[in-house]
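The values are calculated or read from the model by the stated rules, or taken from the named source; none is laboratory data. Note that this is a predicted model, so its numbers are computed, not measured. Because the Cβ atoms are built from the backbone with ideal geometry, glycine has one as well, and the counts that use them run over all protein chains shown. Note: accessible area is taken over every heavy atom of the protein model, side chains too, but ligands, DNA and RNA are not part of it. Shrake-Rupley method; radii C 1.70, N 1.55, O 1.52, S 1.80 Å.
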Amino acid sequence: MEQKQLSKLLDILLKYISRQDLRTLIFKVLGNGAYDNLSGSTPNEKSVAFLEEIARRDLEKSLLRELAELRPDIDLSAFGITRPKSPLIREPKPTPFIDFTNRKVEWERVILYPTGQYYLFDGPAGYGKTALLQKLAQEFEERNWFCAYVSLEEHPTLSKIATSLADQLQVECHMSADAHQSGIEIGKAVIARRVAEEGLALLFDVNHAPFERLPSTLTTLLQDFVTGIWEALAADSEFFRNTAVNYRIVLTGRYLASKIDRLNLPYKVDIVQLKPFDYKVVQDVCVSYLKDKLSNPQERDEFAANLLFYTGGHPRCMVRTLQLFEKSRLSPANFFVRRRAQIKDIAYKEANWVRSSIGQLWRSAFDTLCIYRRFDSELVKLLIEQGAIWKGLGKDAYDIVHHLLQFYLVDWRADSAYKHLSDDITRRLLVIRLRYDVASGEFADKCLQVRHTCLNRLSIPGEMHHVWALEALFSYLQANLERIHQLSDRQELRREFFEQELPTVFGLLTSEEPRAECTSFKRLLAEDWEFRFTLNYYLRDAVYTDEIYQKLVHYVDQFPATVISSGG
């Protein structure tokens, strides 16, 4: 590479790359430990030494490739790179049906206890939506219904959807260029063929990315085609002796609820937001799915805690990990030690898929924000000033937050803070990916930076102090991730947490209004199952229990009158 181009690269590194991003970039190109081995003690000096090493080894192409992936928002057209498209990562195949993962309550709502005719099951990728539709199809067929399942990804036009429905329902009809009339023709054909069938169920897998516009095909399908089917079937009193029993339209999609609402459809859609799983749900799974192998309650709790930690609570990851456990023939105590690499690979691949579904220009922003469980526009402004988020993503921090909300991965919460990634599982997967993707020690540095930012917010007058105190404690735990794998390290970390970190944070939190801040903190603490799980898991003894959380609650109740010991 010419000296002139190297000079331009240096300018980019100095202006747009934060110290943390620089460490990651050097790790990607030169390997683990390379950042510390390069000469220089400041980011500027490291950048110069980095480019000298790049030129010496002829690694310019590798540098540009990794830089474009790390920061797709930076203009690299001067080097022949025009915002390269990331390789298409296909969504992993659906997992086999398991009650907890693929929504037993939800399919019972459609099959056994119907509340209407039209349903939307809304949730992020990997929540078991496709498997739910497949389970519903199986149930309807066993009940002798006309039933058809259509993926809009495989059938992107209305004519292809109609043709697929006709083939699956085994009816012949003449399709019209008018969507409403085509629906009428399908409905009439179903009535003409009906012999012993008990009803009609049409299942549509939308597979819609949250940052994309609503597909025009889906709008036409719901506004015109489906209403045509209804018009034809409703005219037959025999078929519709009970509409709630004889007819279902079920859709699944990602963050479609608000968009479906805006269509003002002539019928009511029962919208069901699929919720993420907390530790209790995962624990119940280990009882029901592995009851023969996990009869011991303590063994069950520890297995469930490990499962949640390594998969982030992502349904598809949990199913595959459970399947791996069954095939491994290992004891529960040995499984997460002997198969750790394979379990990590399961979560990492899923995280890459989730990240690929985010608009390419915004991925670096989400990479930065994923370690902030809660943030507001002031924090985004700070990250822009630090170069961690590209300022070109919006006019200002408020504008960038507004854009982030359009992804349906960031939501406004009642605690008056923006809570990153409304389903939480996506955020945890991105954090898992980050842990495996950065150089040794860098993840801890990132988390300590979050902690530092949260502690600084405690010194600023405002109403959010209890939030920043909790996030400071959470970030402290995350920063000590490498110390949780050995019992002695966990015990030492627990002592430091209660004797050093907790007094520091609470001293800042309660400097002005001790009683009010403790009350607010305790209320938030009771609502935050993820912090409770992380605290118990990171600071546990031999097995997972709720002991550490209860100890923290006692500390809050007694503060500042009682200073508790670290305990063994």
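Observations on the model:
- Among residues of the range 204-224 that are under 19 Å from A179 (Cβ atoms), those with a beta-carbon under 8 Å from a residue that is acidic (D, E) and at pLDDT 90 or above at least six positions away or on a different chain give the pairs D224/D178.
- Taking the conditions (1) closer than 26 Å to L112 by Cα; (2) touching a strand residue (DSSP E or B) at 6+ places or on another chain (Cβ under 9 Å); (3) at pLDDT below 90 in turn, H208 satisfies each one other than (1).
- Y127 open to solvent by less than 50 Å² (accessible area, probe 1.4 Å), modelled with pLDDT of 70 or more, touching a Lys or Arg at 6+ places or on another chain (Cβ under 9 Å) and in a strand (DSSP E or B): no
- 1 or more residues surrounded by 17 or more Cβ atoms within 10 Å (Cβ to Cβ) and within 15 Å of the chain's Cα centre (by Cα): qualifying helices (runs of 4 or more DSSP H) within the range 271-375: 297-311, 315-328, 340-356, 363-369
- Subset of the range 473-519 [closer than 14 Å to Y555 by Cβ, out of contact with any Lys or Arg (no Cβ under 8 Å at 6 or more places or on another chain) and hydrophobic (A, V, I, L, M, F, W, C)]: L473, F497, L502, V505, F506, L509, C518
- Candidates in the range 66-82 are the residues that are outside any loop (DSSP other than H, G, I, E, B) and in contact (Cβ under 8 Å) with a residue 12 or more places away in the chain; of these, the one that is surrounded by the most Cβ atoms within 10 Å (Cβ to Cβ) is L67.
- Failed item, numbered, when Y149 is tested on (1) farther than 23 Å from K259 by Cα; (2) modelled with pLDDT of 90 or more; (3) open to solvent by 60 Å² or more (accessible area, probe 1.4 Å): (1)
- The range 244-270: number of residues that are in contact (Cβ under 8 Å) with a residue 24 or more places away in the chain and open to solvent by 50 Å² or more (accessible area, probe 1.4 Å): 3
- Of the residues making up the range 228-241, just one is modelled with pLDDT of 90 or more and surrounded by fewer than 18 Cβ atoms within 10 Å (Cβ to Cβ), namely E231.
- Residue within the range 382-390 that is surrounded by fewer than 22 Cβ atoms within 10 Å (Cβ to Cβ), in a loop (DSSP other than H, G, I, E, B) and touching a Pro at 6+ places or on another chain (Cβ under 6 Å) present: no
- Single condition E52 does not satisfy, out of (1) in contact (Cβ under 8 Å) with a residue 40 or more places away in the chain; (2) open to solvent by 40 Å² or more (accessible area, probe 1.4 Å); (3) assigned to a helix (DSSP H, G or I): (1)
- Given (1) part of a helix (DSSP H, G or I); (2) within 24 Å of V269 (Cβ to Cβ); (3) out of contact with any helix residue (DSSP H, G or I) (no Cβ under 6 Å at 6 or more places or on another chain), number of the condition E154 does not satisfy: (1)
- For the range 175-197, the candidate set comprises residues that are among the charged types (D, E, K, R) and out of contact with any strand residue (DSSP E or B) (no Cβ under 9 Å at 6 or more places or on another chain); within that set, the residue that is nearest to L222 (Cα to Cα) is D178.
- Number of positions in the range 391-436 that are under 17 Å from the mean Cα position of the chain (by Cα), part of a helix (DSSP H, G or I) and in contact (Cβ under 8 Å) with a residue 60 or more places away in the chain: 10
- The set of residues in the range 131-145 that are surrounded by fewer than 21 Cβ atoms within 10 Å (Cβ to Cβ) and closer than 23 Å to T217 by Cα comprises Q134, A137.
- Taking first residues from the range 498-521 that are more than 13 Å from W468 (Cβ to Cβ) and of a type in the set (D, E, K, R) and partners that are open to solvent by less than 40 Å² (accessible area, probe 1.4 Å) and assigned to a loop (DSSP other than H, G, I, E, B), the Cβ contacts under 7 Å between residues at least 6 apart in sequence or on separate chains come to E499/S566.
- Looking only at residues of the range 432-450 that are surrounded by 18 or more Cβ atoms within 10 Å (Cβ to Cβ) and aliphatic (A, V, I, L, M), we find that the one that is farthest from L70 (Cα to Cα) is V450.
- Applying a threshold of 7 Å to beta carbon distances and a minimum spacing of six or more residues, or different chains, the list of pairs starting in the range 439-466 at a residue that is of a type in the set (D, E) and ending at one that is surrounded by 14 or more Cβ atoms within 10 Å (Cβ to Cβ) reads E442/Q20; E442/R23; E442/T24; D445/Q20.
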